[in-house]
Amino acid sequence: MDIICNNIDYQYNKGTKFATYALKKVSLTIKEGEFFGIIGHTGSGKSTFIQHLNALIPIQSGQITIGDYNLFFEPTKKRESKKQKKRMKSKLKDLRRTVGMVFQYPEYQLFADTVKEDVSFAIKNFMPETSEAEVEILTKNAIEMVGLNYFEIKDKSPFEISGGQKRRVAIAGVLAARPQILVLDEPCAGLDPKGKNELWQLLHRLHRDVIKTIIIVSHDMNDVANHCTSSAIFDHGVLKKVGTPKQLFSDQALITECGLEVPVTAYLTNELSKNGIVLDTDFTTDDFCVKLANAIKNQK
(Lines give C-alpha, C1' and ligand atoms only; values in the text may rest on other atoms or scores of the structure.)
Protein backbone atom coordinates (compact mmCIF):
# COMPACT_ATOMS: atom_id res chain seq x y z
CA MET A 1 0.00 0.00 0.00
CA ASP A 2 1.16 3.51 -0.84
CA ILE A 3 1.39 6.37 1.66
CA ILE A 4 -0.05 9.57 0.23
CA CYS A 5 0.25 12.79 2.24
CA ASN A 6 -1.41 16.01 1.07
CA ASN A 7 -0.78 19.48 2.55
CA ILE A 8 0.04 18.38 6.09
CA ASP A 9 0.37 21.30 8.49
CA TYR A 10 1.22 20.91 12.14
CA GLN A 11 1.86 23.45 14.89
CA TYR A 12 3.01 22.77 18.43
CA ASN A 13 1.14 24.89 21.01
CA LYS A 14 -1.39 25.80 18.34
CA GLY A 15 -3.60 28.73 19.25
CA THR A 16 -1.14 30.18 21.75
CA LYS A 17 1.54 32.85 21.50
CA PHE A 18 4.11 30.03 21.67
CA ALA A 19 2.79 28.33 18.50
CA THR A 20 5.52 27.05 16.17
CA TYR A 21 5.20 25.24 12.86
CA ALA A 22 6.71 21.76 12.76
CA LEU A 23 5.29 20.90 9.32
CA LYS A 24 4.21 23.25 6.54
CA LYS A 25 2.11 22.06 3.59
CA VAL A 26 3.91 18.72 3.32
CA SER A 27 2.80 16.65 0.32
CA LEU A 28 4.68 13.39 -0.15
CA THR A 29 4.01 9.97 -1.66
CA ILE A 30 5.92 6.90 -0.49
CA LYS A 31 5.34 3.99 -2.83
CA GLU A 32 4.88 0.45 -1.59
CA GLY A 33 8.17 -1.44 -1.67
CA GLU A 34 10.41 1.53 -0.91
CA PHE A 35 13.26 1.55 1.59
CA PHE A 36 12.65 5.23 2.23
CA GLY A 37 14.77 7.78 4.12
CA ILE A 38 13.58 10.88 5.97
CA ILE A 39 16.49 13.29 6.47
CA GLY A 40 17.03 16.76 7.85
CA HIS A 41 18.73 18.64 10.67
CA THR A 42 17.47 18.57 14.26
CA GLY A 43 14.12 20.35 14.42
CA SER A 44 13.38 19.91 10.71
CA GLY A 45 10.11 18.05 11.31
CA LYS A 46 11.28 14.47 10.64
CA SER A 47 9.96 12.86 13.81
CA THR A 48 6.76 14.92 13.77
CA PHE A 49 6.09 13.72 10.24
CA ILE A 50 6.55 10.01 10.90
CA GLN A 51 4.34 10.16 14.00
CA HIS A 52 1.50 11.28 11.74
CA LEU A 53 1.75 8.00 9.82
CA ASN A 54 0.06 5.96 12.53
CA ALA A 55 -1.85 8.82 14.18
CA LEU A 56 0.38 9.14 17.22
CA ILE A 57 0.11 12.82 16.34
CA PRO A 58 -3.40 13.71 15.08
CA ILE A 59 -3.75 15.66 11.86
CA GLN A 60 -4.42 19.38 12.28
CA SER A 61 -4.66 20.15 8.58
CA GLY A 62 -4.38 18.07 5.42
CA GLN A 63 -4.93 14.41 4.65
CA ILE A 64 -3.01 11.13 4.72
CA THR A 65 -4.11 8.00 2.87
CA ILE A 66 -2.45 4.68 3.70
CA GLY A 67 -4.10 1.90 1.75
CA ASP A 68 -7.72 1.91 2.93
CA TYR A 69 -6.98 4.21 5.87
CA ASN A 70 -7.94 7.84 5.39
CA LEU A 71 -6.65 10.23 8.04
CA PHE A 72 -7.81 13.83 8.24
CA PHE A 73 -8.81 16.41 10.83
CA GLU A 74 -11.96 15.40 12.70
CA PRO A 75 -13.30 17.83 15.34
CA THR A 76 -13.97 16.10 18.65
CA LYS A 77 -17.65 15.87 19.38
CA LYS A 78 -18.55 16.56 22.99
CA ARG A 79 -21.24 13.91 22.96
CA GLU A 80 -19.77 11.11 20.91
CA SER A 81 -21.64 7.87 21.45
CA LYS A 82 -19.90 4.86 22.92
CA LYS A 83 -20.35 3.18 19.55
CA GLN A 84 -18.55 6.03 17.76
CA LYS A 85 -15.67 6.00 20.24
CA LYS A 86 -15.34 2.23 19.96
CA ARG A 87 -15.28 2.43 16.15
CA MET A 88 -12.59 5.12 16.21
CA LYS A 89 -10.49 3.15 18.71
CA SER A 90 -10.76 0.05 16.51
CA LYS A 91 -9.74 2.06 13.43
CA LEU A 92 -6.64 3.43 15.17
CA LYS A 93 -5.70 -0.02 16.46
CA ASP A 94 -5.87 -1.44 12.93
CA LEU A 95 -3.76 1.42 11.58
CA ARG A 96 -1.10 1.03 14.28
CA ARG A 97 -0.93 -2.67 13.58
CA THR A 98 -0.44 -1.92 9.86
CA VAL A 99 2.17 0.81 10.44
CA GLY A 100 4.66 -0.44 13.01
CA MET A 101 6.68 2.26 14.78
CA VAL A 102 10.12 1.73 16.31
CA PHE A 103 11.35 4.77 18.22
CA GLN A 104 14.92 5.95 18.79
CA TYR A 105 16.49 3.75 21.50
CA PRO A 106 13.55 1.30 21.31
CA GLU A 107 15.10 -0.81 24.06
CA TYR A 108 13.93 1.86 26.51
CA GLN A 109 10.38 0.68 25.75
CA LEU A 110 10.98 -2.81 27.13
CA PHE A 111 8.91 -3.41 30.23
CA ALA A 112 7.90 -7.04 30.81
CA ASP A 113 9.52 -9.65 33.05
CA THR A 114 10.59 -11.86 30.16
CA VAL A 115 11.46 -11.43 26.50
CA LYS A 116 8.55 -13.68 25.55
CA GLU A 117 6.04 -11.54 27.47
CA ASP A 118 7.44 -8.34 25.99
CA VAL A 119 7.25 -9.52 22.38
CA SER A 120 3.81 -11.10 22.78
CA PHE A 121 2.29 -7.90 24.18
CA ALA A 122 1.59 -6.44 20.71
CA ILE A 123 -0.16 -9.62 19.60
CA LYS A 124 -2.44 -9.63 22.63
CA ASN A 125 -3.10 -5.91 22.25
CA PHE A 126 -3.75 -5.77 18.50
CA MET A 127 -5.16 -9.29 18.00
CA PRO A 128 -7.03 -10.14 21.24
CA GLU A 129 -8.90 -12.96 19.51
CA THR A 130 -5.64 -14.89 19.02
CA SER A 131 -5.42 -18.14 21.01
CA GLU A 132 -2.56 -18.74 23.44
CA ALA A 133 -1.11 -21.39 21.13
CA GLU A 134 -1.15 -18.96 18.20
CA VAL A 135 0.34 -16.19 20.35
CA GLU A 136 3.30 -18.43 21.15
CA ILE A 137 3.83 -19.30 17.48
CA LEU A 138 3.71 -15.65 16.42
CA THR A 139 6.01 -14.64 19.28
CA LYS A 140 8.51 -17.34 18.37
CA ASN A 141 8.40 -16.31 14.70
CA ALA A 142 9.01 -12.64 15.55
CA ILE A 143 11.96 -13.40 17.83
CA GLU A 144 13.56 -15.69 15.26
CA MET A 145 12.86 -13.12 12.54
CA VAL A 146 15.30 -10.72 14.20
CA GLY A 147 18.00 -13.38 14.44
CA LEU A 148 17.60 -14.49 18.05
CA ASN A 149 17.23 -18.05 19.36
CA TYR A 150 13.74 -18.29 20.81
CA PHE A 151 14.42 -21.07 23.29
CA GLU A 152 17.63 -19.48 24.56
CA ILE A 153 16.19 -16.03 25.16
CA LYS A 154 12.41 -16.31 25.70
CA ASP A 155 12.58 -16.65 29.51
CA LYS A 156 15.34 -14.12 30.09
CA SER A 157 14.67 -10.66 31.46
CA PRO A 158 14.87 -8.08 28.65
CA PHE A 159 16.90 -5.93 31.05
CA GLU A 160 19.64 -8.53 31.45
CA ILE A 161 20.52 -9.15 27.81
CA SER A 162 23.04 -7.25 25.66
CA GLY A 163 22.31 -3.86 24.11
CA GLY A 164 22.13 -5.30 20.60
CA GLN A 165 19.77 -8.05 21.76
CA LYS A 166 17.55 -5.48 23.49
CA ARG A 167 17.14 -3.56 20.25
CA ARG A 168 16.31 -6.74 18.37
CA VAL A 169 13.76 -7.73 21.00
CA ALA A 170 12.16 -4.28 20.78
CA ILE A 171 11.93 -4.59 17.00
CA ALA A 172 10.52 -8.13 17.37
CA GLY A 173 7.79 -6.68 19.59
CA VAL A 174 6.68 -4.48 16.68
CA LEU A 175 7.05 -7.24 14.08
CA ALA A 176 4.93 -9.61 16.13
CA ALA A 177 1.79 -7.73 15.05
CA ARG A 178 2.80 -8.35 11.41
CA PRO A 179 2.83 -4.76 10.10
CA GLN A 180 3.00 -4.04 6.39
CA ILE A 181 4.96 -0.82 6.92
CA LEU A 182 7.84 -0.45 9.39
CA VAL A 183 8.97 3.02 10.51
CA LEU A 184 12.22 3.42 12.47
CA ASP A 185 13.48 6.65 14.03
CA GLU A 186 17.31 6.68 14.03
CA PRO A 187 17.54 2.86 14.11
CA CYS A 188 21.33 2.79 14.53
CA ALA A 189 21.59 5.39 17.33
CA GLY A 190 24.10 4.31 19.96
CA LEU A 191 25.27 1.18 18.15
CA ASP A 192 28.92 0.38 17.46
CA PRO A 193 30.01 -0.31 13.84
CA LYS A 194 29.46 -4.08 14.18
CA GLY A 195 26.02 -3.54 15.68
CA LYS A 196 25.11 -1.06 12.93
CA ASN A 197 26.17 -3.45 10.20
CA GLU A 198 24.18 -6.30 11.73
CA LEU A 199 21.09 -4.11 12.09
CA TRP A 200 21.23 -2.97 8.47
CA GLN A 201 21.55 -6.58 7.34
CA LEU A 202 18.51 -7.43 9.45
CA LEU A 203 16.44 -4.55 8.04
CA HIS A 204 17.27 -5.48 4.45
CA ARG A 205 16.37 -9.10 5.12
CA LEU A 206 13.05 -8.03 6.65
CA HIS A 207 12.41 -5.77 3.67
CA ARG A 208 13.14 -8.58 1.24
CA ASP A 209 11.15 -11.29 3.02
CA VAL A 210 8.57 -9.79 5.38
CA ILE A 211 7.94 -6.02 5.39
CA LYS A 212 6.67 -4.39 2.21
CA THR A 213 7.83 -0.84 3.00
CA ILE A 214 10.50 0.40 5.42
CA ILE A 215 10.89 4.07 6.37
CA ILE A 216 13.86 5.30 8.38
CA VAL A 217 14.70 8.65 9.92
CA SER A 218 18.44 9.23 9.93
CA HIS A 219 20.97 12.03 10.44
CA ASP A 220 23.71 9.88 8.86
CA MET A 221 23.89 10.65 5.14
CA ASN A 222 26.28 7.72 4.58
CA ASP A 223 23.60 5.33 5.82
CA VAL A 224 20.99 6.94 3.59
CA ALA A 225 23.24 6.70 0.53
CA ASN A 226 24.03 3.06 1.19
CA HIS A 227 20.61 1.76 2.16
CA CYS A 228 17.72 3.88 0.88
CA THR A 229 16.02 3.62 -2.51
CA SER A 230 14.57 7.14 -2.17
CA SER A 231 14.60 9.90 0.45
CA ALA A 232 12.95 13.16 1.41
CA ILE A 233 14.76 16.20 2.79
CA PHE A 234 12.98 18.28 5.44
CA ASP A 235 14.08 21.74 6.53
CA HIS A 236 12.25 23.82 9.16
CA GLY A 237 9.07 21.82 8.58
CA VAL A 238 9.18 22.18 4.79
CA LEU A 239 9.64 19.27 2.39
CA LYS A 240 12.49 20.50 0.20
CA LYS A 241 13.10 17.64 -2.22
CA VAL A 242 12.36 13.96 -2.85
CA GLY A 243 14.54 11.66 -4.93
CA THR A 244 17.11 8.91 -5.05
CA PRO A 245 20.27 9.39 -2.98
CA LYS A 246 22.11 10.22 -6.22
CA GLN A 247 19.57 12.94 -7.09
CA LEU A 248 19.61 14.44 -3.61
CA PHE A 249 23.32 14.35 -2.87
CA SER A 250 24.25 15.69 -6.31
CA ASP A 251 22.46 18.89 -5.31
CA GLN A 252 25.21 20.21 -3.05
CA ALA A 253 23.68 23.69 -2.82
CA LEU A 254 20.48 22.24 -1.36
CA ILE A 255 22.35 19.98 1.06
CA THR A 256 24.34 22.95 2.36
CA GLU A 257 21.22 25.13 2.58
CA CYS A 258 19.53 22.48 4.75
CA GLY A 259 22.50 22.29 7.13
CA LEU A 260 23.51 18.77 6.09
CA GLU A 261 26.67 17.16 4.80
CA VAL A 262 26.93 14.96 1.75
CA PRO A 263 28.02 11.33 2.27
CA VAL A 264 31.73 10.62 1.99
CA THR A 265 31.27 9.02 -1.43
CA ALA A 266 29.57 12.17 -2.79
CA TYR A 267 32.31 14.39 -1.36
CA LEU A 268 35.05 12.24 -2.90
CA THR A 269 33.22 12.07 -6.23
CA ASN A 270 33.08 15.85 -6.32
CA GLU A 271 36.76 16.24 -5.38
CA LEU A 272 37.84 13.67 -7.96
CA SER A 273 35.89 15.47 -10.69
CA LYS A 274 37.95 18.62 -9.98
CA ASN A 275 41.00 16.57 -10.93
CA GLY A 276 39.54 15.17 -14.11
CA ILE A 277 38.29 11.84 -12.73
CA VAL A 278 34.54 11.74 -13.40
CA LEU A 279 32.61 8.91 -11.76
CA ASP A 280 29.01 8.08 -12.61
CA THR A 281 28.18 6.56 -9.22
CA ASP A 282 24.99 6.17 -7.21
CA PHE A 283 27.00 7.09 -4.05
CA THR A 284 26.72 3.69 -2.39
CA THR A 285 30.11 2.61 -1.06
CA ASP A 286 30.21 -0.53 -3.20
CA ASP A 287 29.36 1.26 -6.45
CA PHE A 288 31.78 4.11 -5.70
CA CYS A 289 34.67 1.69 -5.09
CA VAL A 290 33.95 -0.26 -8.29
CA LYS A 291 33.69 2.89 -10.41
CA LEU A 292 36.86 4.38 -8.88
CA ALA A 293 38.80 1.15 -9.43
CA ASN A 294 37.69 1.06 -13.08
CA ALA A 295 38.63 4.72 -13.56
CA ILE A 296 42.12 4.11 -12.16
CA LYS A 297 42.53 1.02 -14.30
CA ASN A 298 41.52 2.92 -17.45
CA GLN A 299 44.08 5.66 -16.75
CA LYS A 300 47.00 3.25 -16.74
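The values are calculated or read from the model by the stated rules, or taken from the named source; none is laboratory data. Quantities reported herein were computed from a predicted structural model and do not represent experimental measurements. Heads up, the Cβs are rebuilt from the backbone with ideal geometry, glycines too, and the neighbour counts pull from every protein chain shown.
Odds and ends about this structure:
- Residues of the range 109-126 satisfying the condition of being under 9 Å from A176 (Cβ atoms) and not in a helix (DSSP H, G or I): none
- Among the residues of the range 274-289, those identified as outside any helix (DSSP H, G or I) and either over 28 Å from the mean Cα position of the chain (by Cα) or free of Cβ contacts under 8 Å to residues at least 24 places away in the same chain (or both) are N275, G276, I277, V278, L279, D280.
- Of all the listed residues (T229, T244, T213), the sole one being under 15 Å from the mean Cα position of the chain (by Cα), surrounded by fewer than 22 Cβ atoms within 10 Å (Cβ to Cβ), over 21 Å from T42 (Cβ atoms) and in the same structural domain as S44 (by TED's automatic domain parsing) is T229.
- Single match in I3, I8 (criterion: within 24 Å of R208 (Cβ to Cβ) and at pLDDT 90 or above): I3
- Check on G33, under 22 Å from I181 (Cα atoms), not in a loop (DSSP other than H, G, I, E, B) and not aromatic (F, W, Y): no
- Options T65, T16, T42, T20; residue that is assigned by TED's automatic domain parsing to the domain that holds D235 and closer than 16 Å to R96 by Cα: T65
- Summed over the range 171-198, the residues that are small (G, A, S) and either farther than 20 Å from F35 by Cβ or in contact with a Ser or Thr (Cβ under 7 Å, 6 or more places away or on another chain) (or both) give a count of 4.
- Residues within the range 104-120 that are over 21 Å from the mean Cα position of the chain (by Cα) and aromatic (F, W, Y), tallied: 1
- The range 204-222, residues that are without any contact (Cβ under 8 Å) to a residue 40 or more places away in the chain and either assigned to a strand (DSSP E or B) or within 13 Å of P263 (Cβ to Cβ) (or both): D220
- Unique residue being surrounded by fewer than 16 Cβ atoms within 10 Å (Cβ to Cβ) and not hydrophobic (A, V, I, L, M, F, W, C) when the list is E186, E271: E271
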